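Notes follow the structure.
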Amino acid sequence: MLKTMDRPEAKAAAKKADKKETARKDGRDGLKAALAPPRLVAAVDLGAAKVACFIMKPDGVRRGDRTLTTCGVGYVQSRGIRGGAIVNLDEASAAIAQAVERAENVAGVNVQGVTIATAGGQLTSSRVQGRVSIGARPISDNDLVRAIQNALAQIKLPGRRAIHILPIAWAVDGQGGVRDPRAMFGKWLGVELLVVSVAETVFNTLGACVERAHLQLEGVVAAPFVSAMAALEEDEMDLGSICIDMGGGSTSASVFRGGSLVHVETVPVGGQHVTQDIARGLSTSIAGAERIKTLHGSAIASANEDREMIEAPPRGDDPGAGPVVAPRSLLKGIIAPRVEETLELLRDRLKAAGAPVEPGAGIVLTGGASQLAGVREVAVRVFDRPVRLGRPRRVPHLADAASGPAFTACAGILHRAAFGPREAVSTKQLSSAKLQRAPLDPRANPVAKAAAWLRDNL
């Protein structure tokens, strides 16, 4: 008997079994670590106008009144980003490093990894459904995983990377609207998932940009989703709402119904396009156009705008050139069509995609471009719905400079890390290249890899 156990093949088999058990244990430990509350959360909003960083310590979460306290805030002018896409890796990584460093100096901590919010990468969302048989026993976590796997098996995302896999709703024996089916009894368990994805090439570029800033990529999240986490009230999510994030390089929207995210849409037009239109129309510089837009810009008509004149600096460095003088009505005539066109394009894309918008759903505007005078009135006319301006909620201590609509994405990342919602696959696992233990077909899409990871580790 002892001789049989000493055979090389027996030793190899035992070693293989131990290795397999260790791998399974490591996978479970990794899951526990992913689900555990993070010790330090660093959120970076990578926009075309600015790069902002919020840092939150574990003691910054107050679950009693669901408020947050940041320990460090930093932001710089964006560089190397145009139209929501990275066009210069070195400049973009330097901007990220500078914003994080400023937040670190305020917080007195060192950040190792960051979560990036972006509206670029051609954000898209897909809804899929799955159903599994249960039997005469209470529904367990394993049944939830099987239902999620069944739904994920029905979607293919060639050339794209899933960044969110969110359960929209559960159903037990055809009864929908179930928030948590665990411990319930039924014969069938169904689930509807929302899969939000970005282009694989854009995701890889973001990862390379963060690594060049000497940081680890903890995850990539959709800016309109996390902005809604910060700006929307619970009632708005339950009754239905559309959160429109108006950034510098893009305008994106997240649609909520029944307390869950049900659709994401984006158009590659933002506040920088308005600035460029002003620069062309008034023959001024980009910096001058931005200043004029901030001080005098409006998307609606105002009194005496025909007689009120504005001055803009000329292009170039000719000392003999005088300032450009134009009536304020000309500025409004440049801004209003672009803002209206952007919102109409977003409205038409939501309709074409069949987004499940509730009839009474309101509009909440966030993002830096939403602060332009008259944007809310134009949105009311385009969408024919009530519209309000959203700001980071439940972060009461923020200074005025960092508490406006332009900082909702950063605040939303912190809110999501503290209070959820819990996703079917964590953002950190979706961002990792090691979503599975066993080798998979290299042509398999990231969602299939995530399903394999769920199957192996849960």
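Which residue is nearest to Ala299 (Cα to Cα), if the candidates are limited to segment 369-391 and must be assigned to a loop (DSSP other than H, G, I, E, B) and of a type outside the set (D, E, K, R)? Only one residue tops the list, namely Gly374. Within segment 350-368, the residues that satisfy the criterion of being touching a Lys or Arg at 6+ places or on another chain (Cβ under 8 Å), closer than 22 Å to Asp238 by Cβ and not in a strand (DSSP E or B) are Pro356, Val357, Glu358, Ala361.
All conditions but one from (1) among the β-branched types (Val, Ile, Thr); (2) assigned to a strand (DSSP E or B); (3) at pLDDT below 90 apply to Ile300; the one that does not is (2). Gln272 fulfils the conditions (1) touching a Gly at 6+ places or on another chain (Cβ under 6 Å); (2) surrounded by 22 or more Cβ atoms within 10 Å (Cβ to Cβ); (3) assigned to a loop (DSSP other than H, G, I, E, B) except for a single criterion, (3). For segment 232-240, the criterion of being within 17 Å of the chain's Cα centre (by Cα) and assigned to a helix (DSSP H, G or I) is met by at least one residue. Considering Arg62, Arg24, the condition of being modelled with pLDDT of 85 or more, of a type outside the set (Gly, Ala, Ser) and surrounded by fewer than 16 Cβ atoms within 10 Å (Cβ to Cβ) is satisfied by Arg62 alone. With the structure loaded, tell me whether Glu218 is within 25 Å of Leu430 (Cα to Cα) and under 12 Å from the mean Cα position of the chain (by Cα) or whether it fails that test. No; evaluated as a whole, the condition is false for this residue. Residue count for segment 80-92, restricted to those that are surrounded by fewer than 18 Cβ atoms within 10 Å (Cβ to Cβ) and at negative phi: 6.
If you filter segment 403-448 down to residues that are modelled with pLDDT of 60 or more and among the basic types (Lys, Arg), you find that the one that is surrounded by the most Cβ atoms within 10 Å (Cβ to Cβ) is Arg416.
To keep it simple, each residue is scored yes or no on (1) touching a Lys or Arg at 6+ places or on another chain (Cβ under 9 Å); (2) crowded, with 18+ Cβ neighbours inside 10 Å; (3) outside any helix (DSSP H, G or I).
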{"position": "Ala94", "(1), (2), (3)": "yes, yes, no"}
{"position": "Ala117", "(1), (2), (3)": "no, yes, yes"}
{"position": "Gly121", "(1), (2), (3)": "yes, yes, yes"}
{"position": "Gly130", "(1), (2), (3)": "yes, yes, yes"}
{"position": "Ala136", "(1), (2), (3)": "yes, no, yes"}
{"position": "Arg161", "(1), (2), (3)": "no, yes, yes"}
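Applying the selection to segment 195-216, what residues are surrounded by fewer than 21 Cβ atoms within 10 Å (Cβ to Cβ), of a type in the set (A, V, I, L, M) and under 16 Å from Ala162 (Cβ atoms)? If the condition is that a residue be surrounded by fewer than 21 Cβ atoms within 10 Å (Cβ to Cβ), of a type in the set (A, V, I, L, M) and under 16 Å from Ala162 (Cβ atoms), then Ala199, Val202 are the ones that fit. Against the test of being over 20 Å from Gly270 (Cα atoms) and in contact with a Leu (Cβ under 7 Å, 6 or more places away or on another chain), the options Ala321, Ala355, Ala361, Ala326 yield a single qualifying residue, Ala326.
The values are calculated or read from the model by the stated rules, or taken from the named source; none is laboratory data. Being a predicted model, the structure only gives us computed values, none of them experimental. Positions of Cβ are backbone-derived with ideal geometry, glycine not excepted, and every protein chain shown enters the neighbour counts.
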